[in-house]
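The values are calculated or read from the model by the stated rules, or taken from the named source; none is laboratory data. Just so it is clear, the model here is predicted, and its values are computed rather than measured. Positions of Cβ are backbone-derived with ideal geometry, glycine not excepted, and every protein chain shown enters the neighbour counts.
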Amino acid sequence: MNIGQEVLELLKEEITEMEYKRYIQHLTYDSKKSSSSHAIYYAPNALVITWIKNKYALKLEHLFEVKSGAKVSVEISLKNKVDRRKAKKQAETPKTTNSLLNPSHSFDNFMVGGSNKFAYTAVKSVSENAGKVYNPLFIYGGVGLGKTHLMQAAGNVYQNEGKVVIYTTVEQFLNDFLHHLRNKTMERFQEKYRSCDVLLIDDIQFLSNKEGIQEEFFHTFEALKGAGKQIILTADKHPKKIGGLEKRLQSRFEWGLVADIQPPELETKIAIIEKKCEINKVKLSKDIINYIATVIDSNVREIEGILSKLHAYSQLMHVDIDLDFTKNVLKDQMNEKRATIDMDSIVQTVAKDLNIKPSEIKSKGRSKNIVYARRISIYICRELTQNTMPQLAQYFGMKDHTAISHTIKKINDLIEQDEDFRVKIKELTNKITSMSE
Ligand code: ADP
Ligand code: MG
């Protein structure tokens with residue numbers, strides 16, 4: 001037996017059998033690459049690595065020292081890249097990319113609470129009275145809060161009644177438009193969108209500053225509305241706040257009913273998780289459900305990602321899902337998310353939102369709005385990336401890390417004092433993290 005294995009045997013005596021079976025047993029020691037001061041183990045997936053690094057690394061180093069009498073650093077690496085990709089693939093939630101309605105987006109599967117009751121009731125009533133009550137119905141709210149789900153739930157009801165339903169995103173609508181424009185078949189485009197019974201257009205905010213398609217959409221809207229056909233629209237903000245929209249469109253968006261969806265409160269989150277577990281046949285105990293609901297603050301899509309990851313990992317590793325396991329999967333998820341976000345895209349998003357140039361944020365400019373944008377960017381970079389304070393200082397051209405920590409403190413104070421500001425930061429953060437998904 002080599003020293004690496006002997007150390008694992010020692011560790012086995014110090015931990016429970018379950019812990020051993022679950023994590024330590026999966027480790028293999030690389031006696032070729034290890035040296036008297038550096039020990040290398042391989043683990044089957046990223047989760048086991050995180051877990052062992054957090055919980056056993058120090059113990060392992062200590063045991064090495066006991067065994068060999070010398071200081072040894074312990075490294076845990078991935079066994080091979082294929083495993084990681086496999087785990088990741090299994091853990092990914094399927095994304096619907098075509099314009100078909102997702103049948104599982106039903107009213108029955110939608111959990112209602114204070115945060116979404118208004119929108120739910122509005123969509124439900126429109127689904128029962130097409131073209132008669134609120135037309136258009138405009139639903140707005142943050143990322144992953146159920147806008148598409150609700151809109152498609154109505155779509156499914158209509159479709160089951162035999163109505164012709166078109167569900168499309170602005171992007172698809174635009175592509176379709178360009179396609180027909182190129183092929184000189186605009187009548188077919190117009191015929192298609194003006195002859196349906198119900199038009200559902202998702203993420204209307206992307207019409208912003210696209211004049212040509214706004215014009216075309218305006219005529220589609222008029223034709224459908226005039227014929228008493230139902231229109232449902234969603235966006236990430238209220239029509240008034242979208243910006244870059246023709247006045248006549250903006251006012252029409254408010255003709256019917258504008259309903260918002262707010263982030264779910266704890267109880268609703270718990271209900272949603274329970275529902276998703278039921279649908280996906282995942283068994284979770286009450287304390288795990290509570291834990292997930294408390295840690296993930298609002299994005300329901302993120303909750304779904306975690307459930308499928310938990311499920312995939314537990315199958316991969318043949319273990320039950322307990323609280324410690326869940327905590328590690330969540331940690332892993334956060335790290336993965338951070339790894340995919342870079343500072344350039346944060347600066348770009350903040351700059352766009354505040355209507356200044358990204359280069360200004362990174363300049364030495366001292367005007368009020370530039371300093372404001374720079375501070376927000378720094379704060380978000382600190383929150384969402386793994387860059388250290390000195391790295392941030394270098395990136396933003398600041399003197400040193402104390403300037404960064406000063407900025408972060410300022411923003412934290414503002415967040416505490418000013419509710420609007422807190423919401424603003426949250427919105428920006430959501431936007432950035434959802435872009436990286
Ligand atoms: P949005 O369009 O607002 O970004 P989605 O409608 O795509 O969000 O919702 C993201 C995911 O969360 C979907 O899979 C949806 O089924 C789920 N979801 C959101 N809200 C609820 C809810 N109240 N009950 C059940 N599932 C929900
Ligand atoms: Mg959506």
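Structure above, values below:
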{"read-out": "Filtered residues of region 2-30 (kept if polar (S, T, N, Q) and out of contact with any strand residue (DSSP E or B) (no Cβ under 9 Å at 6 or more places or on another chain))", "value": "16, 25"}
{"read-out": "Condition met for residue 379 (touching a helix residue (DSSP H, G or I) at 6+ places or on another chain (Cβ under 8 Å) and buried (at least 19 other Cβ atoms within 10 Å of the Cβ))", "value": "yes"}
{"read-out": "Within region 158-189, considering residues that are within 16 Å of ligand 1 (Cβ to nearest atom) and among the hydroxyl-bearing types (Ser, Thr, Tyr), the one nearest to residue 263 (Cα to Cα)", "value": "169"}
{"read-out": "Condition met for residue 118 (assigned to a loop (DSSP other than H, G, I, E, B), at pLDDT 95 or above and either closer than 29 Å to residue 432 by Cα or away from ligand 2 (no atom under 13 Å from the Cβ) (or both))", "value": "no"}
{"read-out": "Inter-residue pairs, beta-carbon under 8 Å, first modelled with pLDDT under 80 and part of a helix (DSSP H, G or I) and in region 288-314, second buried (at least 18 other Cβ atoms within 10 Å of the Cβ) and not aliphatic (A, V, I, L, M), 6+ apart", "value": "313/45; 313/325; 314/325"}
{"read-out": "Check on residue 371, over 23 Å from the mean Cα position of the chain (by Cα) and among the β-branched types (Val, Ile, Thr)", "value": "yes"}
{"read-out": "Number of the exception - residue 246 against (1) out of contact with any helix residue (DSSP H, G or I) (no Cβ under 8 Å at 6 or more places or on another chain); (2) under 30 Å from residue 352 (Cβ atoms); (3) not aliphatic (A, V, I, L, M)", "value": "(1)"}
{"read-out": "In region 214-244, residue surrounded by the fewest Cβ atoms within 10 Å (Cβ to Cβ) [restricted to those that are closer than 20 Å to residue 154 by Cβ and among the β-branched types (Val, Ile, Thr)]", "value": "220"}
{"read-out": "Per-region count, region 110-139, residues away from ligand 1 (no atom under 13 Å from the Cβ), surrounded by 20 or more Cβ atoms within 10 Å (Cβ to Cβ) and of a type in the set (Ser, Thr, Tyr)", "value": "2"}
{"read-out": "Flag for residue 138 being within 30 Å of residue 428 (Cα to Cα), in a loop (DSSP other than H, G, I, E, B) and modelled with pLDDT of 95 or more", "value": "no"}
{"read-out": "Among the residues listed as 292, 279, the single one being surrounded by fewer than 17 Cβ atoms within 10 Å (Cβ to Cβ), farther than 30 Å from residue 133 by Cα and aliphatic (A, V, I, L, M)", "value": "279"}
{"read-out": "Single residue of region 206-247 satisfying the filter (under 20 Å from residue 423 (Cβ atoms) and among the charged types (D, E, K, R)) that is farthest from ligand 1 (Cβ to nearest atom)", "value": "240"}
{"read-out": "Residue among 142, 155 that alone is within 16 Å of ligand 1 (Cβ to nearest atom) and more than 18 Å from residue 205 (Cα to Cα)", "value": "155"}
